[in-house]
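Notes follow the structure.
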Amino acid sequence: MEIKKILWPTDFSRSAEKALPHVKSLTQKYDAEIHVLYVIEDTAHHEPWYGVFEKEHVEKLIDRAKKSANERLEQICSKYLEGCPLYIRHVDIGDPARKILDFIKKESVDMVVMATRGTKGDFPFGSVTEKVVKNSTVPVVSIPIREDEEEA
């Protein structure tokens, strides 16, 4: 199997950050591109909790979130991924699991590396990781995160 493109989805959490050493190691080993993806949840499609927002207000919130996400991605890539062959930052809007799965197809990603997070029953998987693992068409390397590591 040839690995040329690796996707690392991040939500900017400490848990997601724990996957970075694995991402960096794999990209150096395979001389692969790293695609770093952050998905902004589309709050406009959720039930209103304090009334309905005007379209203009929602667009301003999303623009602010995009700007902040791009700044954070630049910081992460500069700080942690400088030794990797190539990293490309992406920001999208919508359901995180769906956008990750769409991205895999759209960009012909060969592998996904993401941290597990949270607990669901007896399994230490976050809901996004679980959906991606169950529905991905490419291998997903899930980095286990213990509860004591999440707070560290």
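Just so you know, all these numbers are worked out from the coordinates, no wet-lab data involved. Treat the numbers as computed from the prediction; the structure is a model and nothing was measured. Every residue, glycine among them, receives a Cβ derived from its backbone with ideal geometry; neighbour counts consider all protein chains shown.
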>> With 10 angstrom as the radius, rank THR137, THR129, THR27, THR10 by how many other C-beta atoms surround their C-beta, starting from the fewest.
In response: THR137, THR10, THR27, THR129
> Could you give me the ³J(HN,Hα) list for region 95-100, computed from phi with Karplus coefficients 6.51, -1.76, 1.60 and θ = phi - 60°, whole Hz, x at Gly and Pro?
Replying inline: 6, x, 4, 4, 5, 5
> From the cross-link list LYS106/LYS134; LYS4/LYS67; LYS29/LYS131; LYS55/LYS106; LYS66/LYS99, which pairs have alpha carbons spaced over 24 Å apart?
Replying inline: LYS4/LYS67; LYS29/LYS131; LYS55/LYS106
> Near the amide H of VAL141, under 5 Å away, which other amide H atoms are found, from residues 5 or more places off or on another chain, if H is placed in the peptide plane?
Replying inline: VAL112, VAL113, MET114
>> If packing is taken as the average number of other Cβ atoms within 10 Å across a peptide's residues, how do 54-63, 69-78 rank, most packed first?
In response: 69-78, 54-63
